[in-house]
Amino acid sequence: MRLELVRRPRQSALFSVLSPFIALALTLIAGAIMFAFLGKNPVTALYYFFIEPLLEVWSLHELAVKAAPLILIGVGLSICYLSNNWNIGAEGQFIIGAITGSILPILFPEWQNAFVLPLMLLMGMLGGAAYASIPAFLKARFSTNEILTSLMLVYVAQLFLDWLVRGPWRNPEGFNFPESRNFHADAILPEILPASGRAHWGFAFAIIAAVLLWFVLAKTLKGFEVKVIGQSPRAGRFGGFSRARMIMFAFLVSGALAGLAGISEVSGAIGQLRPTISPGYGFTAIIVAFLGRLNPLGIVAAGLVLALSYLGGEAAQISIGVSDKVARAFQGMLLFFVLACDMLIHYRVRLVRSPVRDATAFEGVEKNA
Amino acid sequence: MLESILITIATAATPLLIAAMGELVVERSGVLNLGVEGMMVMGAITGFAVALSTGSPWLGVLAAVVVGAAFSLLFGFLTLTLVTNQVATGLALTLFGLGLSGMLGEGFVGRPGVKMANLDIPVLSDIPFIGRLLFGQDPIFYLSILLTIAVAYFLFSTRAGLKLRAVGDNHASAHAQGINVIAIRYGAVMFGGACAGLAGAYLSLVYTPQWVENMTAGRGWIALALVVFASWRPWRVVAGAYLFGGVTIGQLHAQAQGVGIPSQLLSSLPYLATIAVLVIISRNRRLTLMNTPASLGRPFVPDR
Amino acid sequence: MMKTIKASALAVFAVAAATAIVPGGTAFAQDKTKACFVYVGPIGDFGWSYQHHQGLLDVEEAMGDKVETAYLESVPEGADAERAIERFARSGCDIIFTTSFGYMDPTNKVAAKFPDVKFEHATGYKREHPNVSTYNSRFYEGRYIQGVIAANVSEKGVAGYIASFPIPEVVMGINAFILGAQSVNPDFKVKVVWANTWFDPGKEADAAKALIDQGVDIITQHTDSTAPMQVAAERGIKAFGQASDMLEFGPETQLTSIIDDWGPYYVERVKAVHEGTWEQKDVWAGLAEGHVVMAPYKNMPDEVAAQAKEIEEKIRSGEFHPFTGPIKKQDGSDWLAEGEVADDGTLLGMNFYVEGVDDKLPN
């Protein structure tokens, strides 16, 4: 008796919708087991993880603050991954975008007016895109593995930021501590609803970007091109789509969005440049992208779910003494289950009881669903 | 002093070498496992915990190897049987491994570990200049060299190795010839996991005998890079690992000597060097494509 | 089974919702003070955060059931820090200790919104609201003593210094160390390696090995892991521990360690809140107040230990200040005249080396 995978002739529409929920349910069950194992009440643990953060308005704002960079980066990554460009360096593009976006308030602090902020955001996007163009160029021109180049560049970006903030861009009034000057008021990304919390416009950008990219992917020729090249480079060539152009396009878009996330985070949530400005958003966003099944709208939901798990992790830490590593383990499990359940969309699972059949079965006869 | 520096470099290079060698075999069979970092860190905590509880570093090593293989089995099941996306699954494995190892290791932080004793062969290791380097290092260093020899021999001088490479180059035609693609890949993946586990145990039993969350500090990713820039050839992995180790240690010495270059620039040298070598290696596109296992990362579902 | 889970989930939900509506227990604040701590690393790091947590435990022991504590560990600096601090403020904490420099702006931002909560920020300098205090320890006092010991014990006259980041506190430490060493051996040298991390055992071990290979015979560190001590012990090199007593990792080689003892300060401040006498302060205390504690002097000749104790007493009583002139800067210019003592402001912003350090500060 064994498990057999039979490919469906068409993707199952039912499972396309159900699979993330099945995955979530499985994660909750596995999580409950894990908590029970740790000696904690599984129900209270899950409550603190997933429900408690939703109960207060300020917490909902925090959710938006945490989710904004995840969604923004994740949405850009979806374009990359759909077109088979594995950008693992979003963290580096985030950092460089934050740096280029901060040029105005740090180097020209006396220039304060309404143009500063939009320019900062634009420069952030350009910086992120430029940094992403490096692995893109290397891949397009030399076929260099983009996973590795984009990843190595993350370390370089982190060290560059560290050097900037300790050296040339150090706050002259900051007692030689490693941080840039604080941004002036015109350079701070405003909050959306200041009275109830500190969710800033970065969240709005994230939603807008998600809707925009969803539209591009679903309804435009470019979106079609992305998906075709991703699934079959040969078909893409026959369709007249250029592989090299798509590499640049995907990386530039993804880099720009990561850069925007970077400058939004720095100017909206932090207010200055510091040696660390990201707790790993660029990598978490990869999970968000897959959790959202590479669909921009799904990514919005996935970003919120992941942000929830971070907030919940904190709540659980304080109230029931569960450590923060549990949140990480949770996220990993969630991704596993999502990937596994996704399989159900493409394959039917059959339990085969009969012994292995003879050679005629190897003729490659397709079983119909 | 030079001998001492070379030994330090060898210690830095060994975990990279072992993890990369395992991943080399995995990728030669056509599978891309990005979960090396996760498997390594699981190996590190397992090795540490078992060695501390039993007092024997060797038992720790054994346990780490087993856990590494078991962890990779999870990856194998998802990508080979359930045919999930290899990149995403590998990343999930890394994440899960980091989180799980952190959880398991909570009680072990801040405790001095059991250190594996060096293999001090009498007389031979007293030879000036090269004695300690060649005969006085920890046992796993020697294991790493044996591993390289074994993998090179297996891949290029045995039928089984030929089959594995055939699977990696063209899984469809290998399957048509009756080779069990999935079984070979499972074996390769588990070997990769075992190596990653061993490399992790090296960190917590030889390198710095203690446990600290995320103690692999990105070495799994470096190992992945090493496989590529060695063009999937075992002895080049050795060269790459030692080169990377050399630059890492070299920049510390430069600092200690008072070289005036900013330390961040020196610290980024290993990563820049990796990119540079990657570019050089892949400049000749045809050569790259010729050396890359053609089925790398592509899902395989046997049709019945 | 699903039904019972659902039912209990609803029950928990209902109870929690009910408690959320009831005003957050201010009636109890006078009887029980809630002290909350935000740590930048894991409490198991056996270094910085571990020591802060020992301070929390001291508070619990000293005040028993008059205090309730809570803590969050591994909170990254940046946007997450503000949320963590605000979460504490909202959950009824009466006093919140934020134990990393990088929490400075978030602490002040949250303090503005919660004027009734007291905030204590470690190693910072901004006190933008009357409910924010800052506190720090004069670690340089311990570094000076270490320098004295090093010069006495070292045969080669060179020490290796594994530094984290070129911030004033670290530079101060290096300067104090070499000044202490120079008081015994004017030609004593220090080799500095910047690890660019507070905590990374692998890197710290590599740095220690490189320094030892370069010929130093004393290792000291301003990074938090026990790796350098382990490496030094392996090679038979004497070393100084950091933040906590690392004797376990180098039983035959640890000379002493600078122990961060936050207990006395934390107990004092939490009691102040409990009794209603809390006032804004900027505290920079050292050996005299018990913030800095030296681990027992071991693995050295008795005369050296005696000398170290003597210096320690002089610093503790105020008779001697490690930064007393004449001292020249690394570039040869004069800094302190004979008998002149450095003022706190210069020390807190220290960005220059004194004469005798073989390293270039990044600028």
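Taking the Cβ of C:Asp302 as the center, what net charge do the other residues with Cβ under 13 Å away carry, scoring Lys and Arg +1 and Asp and Glu -1?
On the way: positive: C:Lys298, C:Lys309; negative: C:Glu303, C:Glu310.
That sum, taken over residues with Cβ under 13 Å, equals 0.
Which of the pairs A:Lys66/C:Lys109; C:Lys66/C:Lys271; C:Lys156/C:Lys238 have their Cα atoms more than 20 Å apart in this structure? Please report the intermediate quantities before stating the final value.
Details: A:Lys66/C:Lys109 18 Å; C:Lys66/C:Lys271 9 Å; C:Lys156/C:Lys238 12 Å.
Over 20 Å Cα-Cα: none of the listed pairs.
Against the longest principal axis of chain A, how steep is helix A:325-346, in degrees 0 to 90 to the nearest 10, with axes from Cα atoms?
The helix A:325-346 is inclined about 40 degrees to chain A.
Let me spell out the model: positive unit charges on the Cβ of Lys and Arg, negative unit charges on the Cβ of Asp and Glu, origin at the Cα centre of chain B. What dipole size does that give, in debye rounded to 20? Before the final figure, lay out the partial values.
On the way: 16 positive and 11 negative charges, 184 e Å.
Once rounded to the nearest 20, the dipole reads 880 debye.
Mind ordering C:111-117, A:155-161, C:88-94, C:340-346 by average Cβ neighbours within 10 Å, highest first?
Values: C:111-117: 15.4, A:155-161: 22.3, C:88-94: 20.3, C:340-346: 13.0.
Output ranking for C:111-117, A:155-161, C:88-94, C:340-346: A:155-161, C:88-94, C:111-117, C:340-346.
Under the rule a/c < 1.5 gives rounded, and otherwise a/b versus b/c splits prolate from oblate, where does chain A land using the Cα gyration tensor?
Numbers: a/c = 2.24, a/b = 1.38, b/c = 1.62.
The shape class here is oblate.
With unit charges on the beta carbons (Lys and Arg positive, Asp and Glu negative) and the dipole taken about the Cα centre of chain B, which residue among B:Gly110, B:Leu143, B:Thr79 sits farthest to the positive side?
B:Thr79
Using θ = phi - 60° and the Karplus relation 6.51 cos²θ - 1.76 cosθ + 1.60, list the HN-Hα couplings for the stretch B:157-164 in order, rounded to whole Hz, with x at every Gly or Pro.
10, 10, 5, 4, x, 4, 4, 4
Estimate the FRET efficiency between B:Glu106 and A:Ser143 by the formula 1/(1 + (r/R0)^6), using the beta-carbon distance for r and 60 Å for R0, to the nearest 0.05. Please report the intermediate quantities before stating the final value.
Details: r = 44 Å, r/R0 = 0.73.
Computed FRET efficiency for B:Glu106 and A:Ser143 comes out at 0.85.
Just to confirm a number: summing +1 for Lys and Arg and -1 for Asp and Glu over residues other than C:Met63 whose beta-carbon lies under 13 angstrom from that of C:Met63, what do you get?
Working: positive: C:Lys32, C:Lys34, C:Lys66, C:Arg269, C:Lys271; negative: C:Asp31, C:Asp58, C:Glu60, C:Glu61, C:Asp65, C:Glu68, C:Asp94, C:Glu268, C:Glu275.
Computed value for this residue: -4.
Which whole-number percentage describes the relative contact order of chain B, with Cα contacts under 8 Å and a sequence gap of 6 or more?
Numbers: 532 pairs, mean separation 109.8, N = 304.
Once divided by the residue count of chain B, the mean separation gives 36 percent.
Which of C:Ser317, A:Ser102, C:Ser100 has the fewest other C-beta atoms within 10 Å, and how do the rest follow up to the most?
On the way: C:Ser317 10, A:Ser102 28, C:Ser100 23.
Ordered from fewest to most neighbouring Cβ atoms within 10 Å, C:Ser317, A:Ser102, C:Ser100 come out as C:Ser317, C:Ser100, A:Ser102.
Within a 10 angstrom radius of each residue's Cβ in A:50-59, how many Cβ atoms of other chains show up on average? Whole number is fine.
Values: counts 0, 5, 4, 1, 0, 4, 3, 0, 5, 4.
Per residue, the number of nearby Cβ atoms from other chains is 3 on average.
At each listed q (0.08, 0.09 Å⁻¹), what is the log10 of I(q)/I(0) that the Debye formula gives for the protein assembly as shown modelled as equal alpha-carbon point scatterers?
Ignoring solvent entirely, the Cα scatterers give -0.83, -1.06.
Which far-off residues, 5 or more places away or on another chain, put their amide H under 5 Å from the one on C:Ala159, with H placed in the peptide plane?
C:Lys189, C:Val190, C:Lys191
Pairwise over distinct Cα atoms, reciprocal of the mean inverse distance: report the Kirkwood radius of the stretch A:1-105 in Å, one decimal place. It would help to have the intermediate numbers written out before the result.
Details: mean 1/r = 0.0547 Å⁻¹.
With all distinct Cα pairs of the stretch A:1-105 included, I get 18.3 Å.
From the phi of every residue in the stretch A:124-135, what ³J(HN,Hα) in whole Hz does the Karplus formula 6.51 cos²θ - 1.76 cosθ + 1.60 yield, where θ is phi - 60° and glycine or proline is x?
x, 5, 5, x, x, 5, 4, 5, 6, 6, 5, x
What dipole magnitude, in Debye to the nearest 20, does the protein assembly as shown give about its Cα centre under +1 on Lys/Arg Cβ and -1 on Asp/Glu Cβ?
Details: 76 positive and 84 negative charges, 1260 e Å.
Dipole about the Cα centre, nearest 20: 6060 debye.
Quick check: the angle from helix A:146-166's long axis to the longest principal axis of chain A, C-alpha only, nearest 10 degrees?
20
Measure off 7 Å from each Cα along the Cα-to-Cβ vector at A:Ser196 and B:Ala239, then give the distance between these two points in nanometres to one decimal.
The two pseudo-label positions are separated by 6.3 nm.
Which order, highest average first, do C:201-210, B:261-270, A:245-254 follow once you tally other Cβ atoms within 10 Å for each residue and take the mean per peptide?
C:201-210, A:245-254, B:261-270
Taking the alpha-carbon distance from A:Lys325 and a cut-off under 16 Å, which lysines remain once sequence neighbours fewer than 8 residues away in the same chain are dropped?
Correct list for A:Lys325: A:Lys40.
Give the angle, between 0 and 90 degrees and rounded to the nearest 10, that separates the Cα long axis of helix B:219-229 from the longest principal axis of the Cα atoms of chain B.
60
If contacts are Cα pairs under 8 angstrom and at least 6 residues apart, what is the relative contact order of chain C in percent? Show your work: numbers first, answer last.
On the way: 734 pairs, mean separation 58.9, N = 363.
RCO, chain C: 16 percent.
If I stretch the segment between A:Leu107 and A:Leu221 completely, what's the gain in nm (0.36 nm per residue apart, minus their alpha carbon distance), one decimal? Could the numbers behind the result be given before it?
Details: separation 114, 0.36 × 114 = 41.04 nm, distance 4.17 nm.
Length gained, A:Leu107 through A:Leu221: 36.9 nm.
Taking each residue in A:139-150, count the Cβ atoms of any other chain within 10 Å of its Cβ, then average. What number comes out?
Values: counts 1, 0, 4, 9, 8, 11, 11, 0, 9, 11, 7, 1.
Per residue, the average neighbour count from other chains is 6.
Could you grab the relative contact order for the stretch C:33-137? Cα pairs under 8 Å, six or more apart, rounded to a whole percent.
On the way: 201 pairs, mean separation 27.1, N = 105.
Value for the stretch C:33-137: 26 percent.
In which sequence would B:Ile275, B:Ile5, B:Ile45, A:Ile299 go, from the one with the fewest C-beta neighbours within 10 Å to the one with the most? Walk me through the numbers before you get to the answer.
Numbers: B:Ile275 22, B:Ile5 19, B:Ile45 27, A:Ile299 31.
Sorted ascending by nearby Cβ count, the order is B:Ile5, B:Ile275, B:Ile45, A:Ile299.
As I understand it, the dipole of the stretch A:80-176 uses +1 on the Cβ of Lys and Arg and -1 on the Cβ of Asp and Glu, about the Cα centre. Which of A:Leu107, A:Pro172, A:Met152 lies farthest toward its positive end?
Result: A:Met152.
Amide H of C:Gln221 versus every other amide H placed in the peptide plane: which residues, excluding those fewer than 5 positions away on the same chain, fall under 5 Å?
Amide H to amide H, under 5 Å and 5 or more residues apart or across chains, C:Gln221 pairs with C:Ile162, C:Phe240.
For the protein assembly as shown, give me every cysteine whose Cβ has no other Cys Cβ within less than 4.7 Å, ordered by residue number.
Isolated Cys, the protein assembly as shown: A:Cys80, A:Cys341, B:Cys195.
Check C:Val293: other-chain or 5+ apart residues with amide H under 5 Å from its amide H, H built from backbone geometry?
Those lying under 5 Å, H to H, from C:Val293 are C:Ile259, C:Asp261.
Under a crude label model (7 Å from the Cα following the beta-carbon direction), how far is C:Val283 from C:Ser183 in nanometres?
2.6
Considering only chain C, what is the antiparallel percent among its DSSP beta bridges, to the nearest 5?
On the way: 7 of 46 bridges.
Antiparallel: roughly 15 percent of the beta bridges in chain C.
Once phi is turned into θ = phi - 60°, what whole-Hz ³J(HN,Hα) does the Karplus curve with 6.51, -1.76 and 1.60 give for every residue of the stretch A:169-176, x standing for Gly and Pro?
Once rounded to whole Hz, the list reads 9, 5, 5, x, 9, x, 6, 6.
So for each of C:154-161, C:63-70 I average, over its residues, the number of other beta carbons within 10 Å; can you give me the resulting order with the highest mean first?
Numbers: C:154-161: 19.8, C:63-70: 15.5.
Per-residue Cβ counts within 10 Å, averaged per peptide and sorted highest first, yield C:154-161, C:63-70.
With Cβ to Cβ distances under 11 Å as the rule, what net charge do the other residues near C:Thr98 carry (K, R +1; D, E -1)?
Working: positive: none; negative: C:Glu77, C:Glu82, C:Asp105, C:Glu120.
That works out to -4.
As I understand it, the dipole of the stretch B:2-291 uses +1 on the Cβ of Lys and Arg and -1 on the Cβ of Asp and Glu, about the Cα centre. Which of B:Ala166, B:Val50, B:Gly200 lies farthest toward its positive end?
B:Ala166
Compute, for the stretch B:89-237, the length of the dipole vector about the Cα centre, with Cβ point charges of +1 (Lys, Arg) and -1 (Asp, Glu) only. Units Debye, rounded to 20. Could you put the intermediate results ahead of the total?
Values: 10 positive and 6 negative charges, 91 e Å.
Charge dipole, the stretch B:89-237, about its Cα centre: 440 debye, nearest 20.
Computed from the coordinates by the stated procedures, all read-outs in this text should not be read as laboratory data. Source: prediction; values computed, not measured. Ideal geometry is used to build each Cβ from the backbone, glycine not excepted, and the neighbour counts take in all protein chains shown.
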